[in-house]
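As structure tokens, the structure follows; a few thoughts come after it.
Throughout, read-outs are computed from the coordinates displayed, never taken from laboratory work. Note that the structure is predicted; figures quoted are calculated from it, not measured. Every residue, glycine among them, receives a Cβ derived from its backbone with ideal geometry; neighbour counts consider all protein chains shown.
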Amino acid sequence: MMRMWGAVCAVAGVLTAVAAEARKPIEVYGKDPEISNVRLSADGAKVAMIQVENGGNPTLLVMDLATRKAVGFDLGELKVRQIEWSSDRHMLVYASKTTRMMQFRSSLVEFCGVFSINTETRADMTQLLVKNDDLALQSSLCDVESHLWNDRGDVLMSARAIGGSSRSMESVRAKGDATGVAGEVALYRVSGENGRGERIARGIDSTRAWITSPKGYVIARVEHAQRANRYRIMIPTNKERLGDWKTAFAEETEIPTLSIYGATADESALIIGTRQQSGLFALFEMSLKDGSIGKPLFEPDGVDIDDAITDPYTGHVVGATYKYARTEQIFFQNDLQSTLIALQKALKDWQTVNLVSWDKARKKFVIFAQGNVSAGDFFLFDVTKGKLEHLASMRRAFKGPDIAPVRSYFYKARDDMPIHAFLTLPPGTPEGAEPNGLPLVVLPHGGPAQRDAVTFDYWAQALASRGYGVLQMNFRGSEGYGGPFQYAGYGEWGGKMQDDVTDGVKDLIEKGLADPARVCIVGGSYGGYAALAGAAFTPELYKCAVSVNGLSDLGRFLSWQANRYGAESSTYEFWMRSIGNPSEDGEMIKARSPAHGAGNIRADVLLIHGEDDTIVPFEQSKMMHDALKDAGKPVELVRLDGEDHWLSTAKTRTEMLKAMEGFLAKHIGG
């Protein structure tokens with residue numbers, strides 16, 4: 001699995017050729033994908049997708065596969081997150097909106113909702129559950145537990161519920177948990193036609209999820225009492241009358257260690273994800289009789305499971321995704337696995353080939369393929385006809401020559417920890433060539449418990465198109481490589497995690513690939529913190545730094561988290577484990593906060609931040625800006641009006657890319 005760079009050779013003319021080619025406008029990289037979220041209906045007669053054209057609003061496009069006629073539904077200014085069918089005519093659209101809710105500890109929240117659209121009657125879309133008068137105040141109504149697959153498009157949803165006069169805002173505040181939300185987490189049967197829900201099961205304050213059947217009944221209830229650090233999986237003694245419950249599994253934990261993906265076909269066990277046996281996150285069966293955990297269902301060599309793949313019609317786990325360099329799939333059922341293998345052979349020019357949707361009979365499949373030939377294509381495969389056809393391209397502007405090649409490799413950190421890295425080279429770089437003296441942009445990912453992989457990353461692709469080499473790395477603390485690797489990042493913000501970034505830069509400099517006089521560091525969220533930490537703690541290494549929605553004062557961030565979620569919440573516990581405990585590690589936390597090291601910075605700094613960021617507050621960039629100004633250092637702050645943490649709109653993505661493009665050109669000249 002380890003790949004080391006060979007001898008570095010200068011490739012004459014490579015950079016000149018790349019620079020001479022026409023560059024695409026930076027706006028093209030910031031645009032929404034023209035097509036995304038392609039989904040087949042259960043009967044295989046229709047395919048739905050999200051379409052965005054010319055910077056307009058997202059449209060739900062539903063195409064009849066027999067006639068190839070399509071109907072569009074304007075979704076307005078919704079920030080669409082995903083879509084799925086709930087019947088052969090009903091579509092569910094999951095979307096979010098940044099809004100102010102003064103009853104919460106932090107008034108700015110990203111509210112998520114689910115909307116149902118009858119694609120045949122074309123009636124106005126209906127938001128699910130929002131019309132119910134028995135709901136407590138909550139920041140999300142997106143928890144769909146099961147699809148019932150009836151003509152009305154009914155679903156089972158969980159939501160916090162209280163009754164009667166206690167729904168006043170004052171009592172919500174008084175009775176609320178750490179987030180200011182009161183009431184039990186109940187289970188509702190919700191109509192896809194009118195959006196109203198009927199409460200079919202009651203929970204308690206500590207209920208976190210319901211495990212349900214597409215047939216409409218409860219299999220299990222998940223509880224986590226944060227103050228008591230008690231996690232339990234409860235099962236009903238009678239599925240028809242949910243009165244008595246018994247404990248199937250229990251553990252004392254501040255942060256739950258299990259993910260539950262569904263039940264086995266006979267409903268005698270749950271399919272869970274956990275690290276409890278080998279340290280790798282894998283899939284297991286957990287008996288509902290005694291809570292015992294069996295052998296792994298699937299455990300890829302040396303990496304974690306990313307997610308389970310669930311059949312939308314049965315609710316059963318049928319496969320899993322994982323990553324080495326790219327996203328890969330494995331299916332546990334022969335028909336799905338053999339279909340995947342056949343399609344990978346048929347689409348051999350695409351490096352990533354995944355099944356993303358299928359009909360109930362498994363006679364038609366939607367495939368997503370991505371690689372050096374395109375930024376992403378959707379195909380339709382008809383098993384009966386043996387026909388594979390192209391449906392749509394995700395980003396039509398990008399063809400093979402426009403795509404910057406990405407190389408996957410490993411380097412060793414100073415303590416010999418192997419670090420998986422990805423180097424994106426300018427478009428047109430010949431395969432196998434290793435240009436020397438590239439201006440380098442270092443691009444650590446966010447999270448920090450996330451990971452990079454070989455994919456069409458619009459940040460990396462945009463930067464490489466300007467002639468930069470782009471280095472991304474999965475430093476310790478990243479997810480995907482097992483518990484010990486991820487936990488090795490705990491308490492190492494600005495420490496060993498930052499050393500891993502530094503060592504990756506020095507590795508490329510030593511090999512002659514990067515010009516040491518032309519290195520900048522750029523990142524978003526945690527990556528924005530790493531960019532500022534790089535500038536503050538290794539000032540000799542970087543010519544400039546760009547932080548997008550990044551952290552600068554770790555102590556202030558922890559205080560904000562405690563106020564937002566509560567000092568006894570599992571969310572705050574996670575951030576204390578990740579960064580440090582203010583009562584015990586206060587001096588370290590301050591020392592590793594770039595805002596407190598602004599005087600050390602030599603690089604010019606560009607700060608970009610969404611005004612409506614609900615994950616890292618705008619004040620983090622404002623504090624860094626003020627600290628640099630007070631220290632007499634060059635700094636620019638760009639406020640993205642009305643933008644969230646994820647840069648969800650094309651307008652502000654383009655604004656960010658343009659600001660970054662000009663700043664980098666000024667300092668290291670791509």
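Things worth noting here:
- DSSP beta bridge pairing in the chain, given as percent antiparallel to the nearest 5: 85 percent
- Within the chain: Cβ-based charge dipole about Cα centre, in debye rounded to nearest 20 (Lys, Arg +1; Asp, Glu -1): 660 debye
- Amide H partners (placed H, <5 Å) of LEU297, local residues excluded: LEU283, PHE284, GLU285
- For region 498-574, applying the loop criterion from DSSP together with a ceiling of 13 other beta carbons within 10 Å to the GluC sites (Glu not before Pro) yields GLU540.
- Degrees separating the helix 582-591 axis from the principal Cα axis of the chain, which is the longest one: 30 degrees
- Rg and Dmax of region 210-334, Cα atoms only, in Å: 15.0, 49
- Straight-line reach from LYS97: taking Cα to Cα under 27 Å and skipping same-chain neighbours fewer than 8 places apart, the lysines in range are LYS31, LYS79, LYS131, LYS175, LYS622, LYS651, LYS658.
- Straight-line reach from LYS345: taking Cα to Cα under 27 Å and skipping same-chain neighbours fewer than 8 places apart, the lysines in range are LYS46, LYS323, LYS360, LYS363, LYS364, LYS385, LYS387, LYS399.
- Sorted largest first, extent of region 33-100 alpha carbons per principal axis (Å): 43, 26, 16
- Against the main long axis of the alpha-carbon atoms of the chain, helix 570-579 sits at an angle near 20°.
- With the alpha-carbon atoms of region 186-269 aligned to their principal axes, the span from lowest to highest coordinate is 41, 29, 24 Å, starting with the largest.
- Distance between region 129-163 and region 256-322 - C-alpha centres, whole angstrom: 26 Å
- Full-stretch length increase - ALA123, ASN54 - with 0.36 nm per residue and alpha-carbon distance subtracted: 22.2 nm
- Projected onto its three principal axes, the C-alpha set of region 371-486 covers 56, 37, 24 Å, listed from the longest axis down.
- Its alpha carbons considered, region 178-233 gives a radius of gyration followed by a Dmax of 12.9, 41 Å.
- Amide H contacts of GLN82: TYR94, each under 5 Å away and 5 or more positions distant or on a separate chain (H built 1.01 Å from N in the peptide plane; Pro and chain starts excluded).
- Restriction of the trypsin sites (Lys or Arg not before Pro) in region 381-467 to DSSP coil positions whose beta-carbon has at most 10 other beta-carbons within 10 angstrom yields LYS385.
- Taking the C-alpha atoms of region 413-480, convex hull volume expressed per residue in Å³: 109 Å³
- For region 34-79 versus region 189-229, the spacing of their alpha-carbon centroids is 30 Å.
- For region 316-425, a crude dipole built from +1 on the beta carbon of Lys and Arg and -1 on the beta carbon of Asp and Glu, taken about the Cα centre, is about 160 debye to the nearest 20.
- GluC sites (Glu not before Pro) within region 24-62: DSSP coil, no more than 10 neighbouring Cβ in 10 Å: none
- Region 630-670 - Rg and Dmax from Cα coordinates, angstrom: 12.5, 35
- Each eigenvalue of the Cα gyration tensor of region 404-450, multiplied by 5 and square-rooted, gives one semi-axis; in descending order these are 22, 14, 10 Å.
- Within the same chain, aspartates and glutamates fewer than 8 places from LYS629 are excluded, and of the rest, those with a Cα less than 14 Å from its Cα are ASP604.
- Across all directions, the average projected area of the convex hull around the alpha carbons of region 560-668 is 8.1 nm².
- Selection among GLN276, PRO300, LEU391 by position relative to the dipole of the chain gives LEU391 as farthest towards the positive end (Cβ unit charges, Cα centre).
- The orientation-averaged shadow of the Cα convex hull for the chain, equal to a quarter of the hull surface, comes to 28.9 nm².
- Projected label points at GLU240 and LEU65, each 7 Å from Cα along the beta carbon direction, are separated by 3.9 nanometres.
- The chain: calculated mean residue ellipticity at 222 nm from DSSP helix runs of at least 4, using -39500 (n - 2.57): -6000 deg cm²/dmol
- Tilt relative to the chain, helix 334-346 - C-alpha long axis, 0 to 90 degrees, to 10: 30 degrees
- When both region 561-588 and region 602-670 are represented by their alpha-carbon centers, they are found 26 Å apart.
- Extension gain, THR257 back to ARG230 (0.36 nm per residue minus Cα-Cα distance, nm): 8.6 nm
- Modelled FRET efficiency - R0 41 Å, SER583 with LYS412, Cβ distances, 0.05 increments: 0.70
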